[in-house]
């Protein structure tokens, strides 16, 4: 029993990390149908900038805020310098541009910072919390809480605010959105800035657990993408549930079957779900109006 | 063919004129992975060799001949490494090659060196580089198998016979996992649990819980590299293990203690080299002088701490210099190779090297020192 609880704690911790990354995908995807493969790099930047600002003497909260702001600015710059000039290009080309951007960001981070692994202290210490014979680290609760907070924030943003609805409208039909007076250029800038900020926020929360180095973004983006696909691309609820499910699949497979196959089993489950429900668990059905 | 010879002759003539006043020089070739995914290996290696060549030339070179260094960065790509190795031999006409930061790049350079008959000292770990012995190929890093043997020897001394293993699935972890399983029996060690984790995984508590729930496990061994071992160490502390944890030489660096946290890492053991405890070596230690002078020079030059990997390059360079000095002929790769194979008792940062026709690694288990982390610092325990 305590073993099952330990596996679930592990799954929730890892799953919340995936969920945070997956949530970052939603805004840009909703605004432009583009899957931003530089999302993992935003997470990495959030961690790296916090580490170096913290080591330079800034208090941790300030370092984290700085990291989120700088990363957000980099997100905006990515939109202005790479995505906007390619406006009108098919979505696939834009996705390829984001892959290129992720390589550039990774290389630049190597040069500006370094190639080592880093970590900063956990927010509430490292003493594990004991629950019924299983243990969980306080930082895991921060990550789970952070994922929930971002989820709630995004849900309110997309359903309750005019700006959020403008973002959805832009994705739906850019020309029509422009006709009703939505500044679609500004919506794109906003969505890249916000996505980068969410990514950086994720990086700040997960670094004490996963550690950070210039090359951690790729693996995070891949898992986050898988989680988003499982839950349904573009839906904050899907990102959250998809991330937590993926984490729990991995942990339970590692715990009860074999750690060799944990990723294989997780991906087989994802394939199975997508086979039956191609939009993911909570994805919207795409209907093309003729 | 004719035109090539003419060009070559013309080049020689031109060189002859230019080199008339200058001294003869020894051409040394290096191909390491200074950038790319293996940069953490190649970067300190390149820096070390550049520094040592400069030092040696300032002191007057070998028998009055300066070293002309040609250094290429293969970026960890075996195809590039092969191209550079060919270029080093054919265009740069080097008499010896140091390099191959990874096993992959080493394998590329190795075939060129063997074909062309140029002595090559590899900086990579795999045992397959020198087993079976190849005429022109040597290496400086100890093998994974030796690390396993060192760990198992220490376990035996502690009365530990049944262990659980949790290994990374990266190249290093997988290779060491296989080697350890091979030699465990010889040391009377039984592996009761054998778990793995991906190199980028964020939490290993499920695997560790399985190990904890396996009856009779007396210690945990974690062959791995990068962030994995730091996370395993933290998870072991989180789960409150009461049995000892052994890490591998793959994480033998000060940065590891920082990443894992001094509290979580307290009491764990791993095999490391003298370089790691440079400031704690006794002055009568055989390696004291070479280790201290290297660490001080490197720190002064680059304002960075030395790493084990830079130490491998340091030793490779020392071996080449020693061999050329004894060969007395800096132009003949065959003579240098023969001198290299006759190396006897050369003290390096990694250990003391004695090559023979049957042994092109030349280190024994004494090259490893069993270290324990105590109060956030290393403590030699044997």
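The values are calculated or read from the model by the stated rules, or taken from the named source; none is laboratory data. Note that this is a predicted model, so its numbers are computed, not measured. Here the Cβ positions follow ideal geometry from the backbone for every residue, glycine too, while neighbour counts run over all protein chains shown.
Regarding residue B:307, is this residue within 14 Å of chain A (Cβ to nearest Cβ) and touching a helix residue (DSSP H, G or I) at 6+ places or on another chain (Cβ under 9 Å)? Judged against the criteria, residue B:307 is a match.
Quick check, is residue A:264 outside any loop (DSSP other than H, G, I, E, B) and either under 16 Å from the mean Cα position of the chain (by Cα) or within 18 Å of residue B:231 (Cβ to Cβ) (or both)? Spell out the reasoning first.
Working: outside any loop (DSSP other than H, G, I, E, B): yes; either under 16 Å from the mean Cα position of the chain (by Cα) or within 18 Å of residue B:231 (Cβ to Cβ) (or both): no.
So residue A:264 fails the test.
The rows are residues; the columns are (1) outside the structural domain of residue B:269 (by TED's automatic domain parsing); (2) surrounded by 22 or more Cβ atoms within 10 Å (Cβ to Cβ).
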site: B:92; (1), (2): yes, no
site: B:96; (1), (2): yes, yes
site: B:101; (1), (2): yes, yes
site: B:113; (1), (2): yes, yes
site: B:127; (1), (2): yes, no
site: B:150; (1), (2): no, yes
site: B:179; (1), (2): no, no
site: B:184; (1), (2): no, no
site: B:196; (1), (2): no, yes
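Let me confirm something: among B:312, B:302, which residue is touching a helix residue (DSSP H, G or I) at 6+ places or on another chain (Cβ under 8 Å), in the same structural domain as residue B:52 (by TED's automatic domain parsing) and farther than 28 Å from residue B:336 by Cα?
On the way: B:312 fails: farther than 28 Å from residue B:336 by Cα.
Sole residue among the options that is touching a helix residue (DSSP H, G or I) at 6+ places or on another chain (Cβ under 8 Å), in the same structural domain as residue B:52 (by TED's automatic domain parsing) and farther than 28 Å from residue B:336 by Cα: B:302.
Give the residues of the range A:160-190 that are surrounded by 11 or more Cβ atoms within 10 Å (Cβ to Cβ) and part of a loop (DSSP other than H, G, I, E, B), sorted by residue number. Before the answer, list the steps.
Step one: of the range A:160-190, the residues surrounded by 11 or more Cβ atoms within 10 Å (Cβ to Cβ) are A:161, A:163-174, A:176-178, A:182-190.
Within the range A:160-190, A:161, A:173, A:182, A:183 qualify.
Give the range B:260-271 a look and list any residue that's crowded, with 20+ Cβ neighbours inside 10 Å and more than 22 Å from the chain's Cα centre (by Cα), or say none. Answer for the range B:260-271, where residues must be crowded, with 20+ Cβ neighbours inside 10 Å and more than 22 Å from the chain's Cα centre (by Cα): B:260, B:264, B:265, B:268.
Give B:128, B:167 a once-over and let me know the one that is more than 14 Å from every other protein chain (Cβ to nearest Cβ) and under 25 Å from the mean Cα position of the chain (by Cα).
B:128
Going through (1) farther than 27 Å from residue B:211 by Cβ; (2) modelled with pLDDT of 90 or more one by one, residue B:132 falls short only on (2). Residue by residue through the range A:10-22, note down the ones that are more than 7 Å from every other protein chain (Cβ to nearest Cβ) and either over 10 Å from residue A:248 (Cβ atoms) or not in a helix (DSSP H, G or I) (or both). Those that are more than 7 Å from every other protein chain (Cβ to nearest Cβ) and either over 10 Å from residue A:248 (Cβ atoms) or not in a helix (DSSP H, G or I) (or both): A:16, A:18, A:19, A:20, A:21, A:22.
Of all the numbered requirements in (1) within 14 Å of chain B (Cβ to nearest Cβ); (2) buried (at least 23 other Cβ atoms within 10 Å of the Cβ); (3) closer than 27 Å to residue A:234 by Cα, residue A:154 misses one, and that requirement is (1). Within the range A:124-149, restricting attention to residues that are at pLDDT below 90, surrounded by 15 or more Cβ atoms within 10 Å (Cβ to Cβ) and assigned to a loop (DSSP other than H, G, I, E, B), the residue that is nearest to the other protein chains (Cβ to nearest Cβ) is A:128. State whether the residues of the range A:96-116 include one that is touching a helix residue (DSSP H, G or I) at 6+ places or on another chain (Cβ under 8 Å) and without any contact (Cβ under 8 Å) to a residue 40 or more places away in the chain. Yes - at least one qualifying residue is present in the range A:96-116. If you go through the range A:83-123 and keep only what is in a loop (DSSP other than H, G, I, E, B) and over 30 Å from residue B:37 (Cβ atoms), you end up with A:87, A:88, A:89, A:90, A:123. Total residues in the range B:155-180 satisfying the condition of being outside any strand (DSSP E or B), in contact with a strand residue (DSSP E or B) (Cβ under 6 Å, 6 or more places away or on another chain), closer than 20 Å to residue A:258 by Cα and at pLDDT 90 or above: the figure is 1.
Here are some residues: A:82, A:67. Which one is over 19 Å from the mean Cα position of the chain (by Cα) and surrounded by 13 or more Cβ atoms within 10 Å (Cβ to Cβ)? Working first, answer last.
Working: A:67 fails: over 19 Å from the mean Cα position of the chain (by Cα).
From the options A:82, A:67, the qualifying one is A:82.
If I filter the range B:227-247 down to residues being over 18 Å from residue A:7 (Cα atoms) and more than 24 Å from the chain's Cα centre (by Cα), which single residue comes out as farthest from the other protein chains (Cβ to nearest Cβ)? So, considering only residues that are over 18 Å from residue A:7 (Cα atoms) and more than 24 Å from the chain's Cα centre (by Cα), the one farthest from the other protein chains (Cβ to nearest Cβ) is B:244.
Is it the case that some residue within the range A:223-233 is more than 10 Å from the chain's Cα centre (by Cα) and not in a helix (DSSP H, G or I)?
So the first thing to find is which residues in the range A:223-233 are more than 10 Å from the chain's Cα centre (by Cα), and the list is A:226, A:229-233.
Then drop every residue that is not not in a helix (DSSP H, G or I), which leaves A:232-233.
There is at least one residue in the range A:223-233 that is more than 10 Å from the chain's Cα centre (by Cα) and not in a helix (DSSP H, G or I).
Would it be correct to say that residue A:52 is within 14 Å of another protein chain (Cβ to nearest Cβ) and part of a helix (DSSP H, G or I)?
Numbers: within 14 Å of another protein chain (Cβ to nearest Cβ): no; part of a helix (DSSP H, G or I): yes.
Judged against the criteria, residue A:52 is not a match.
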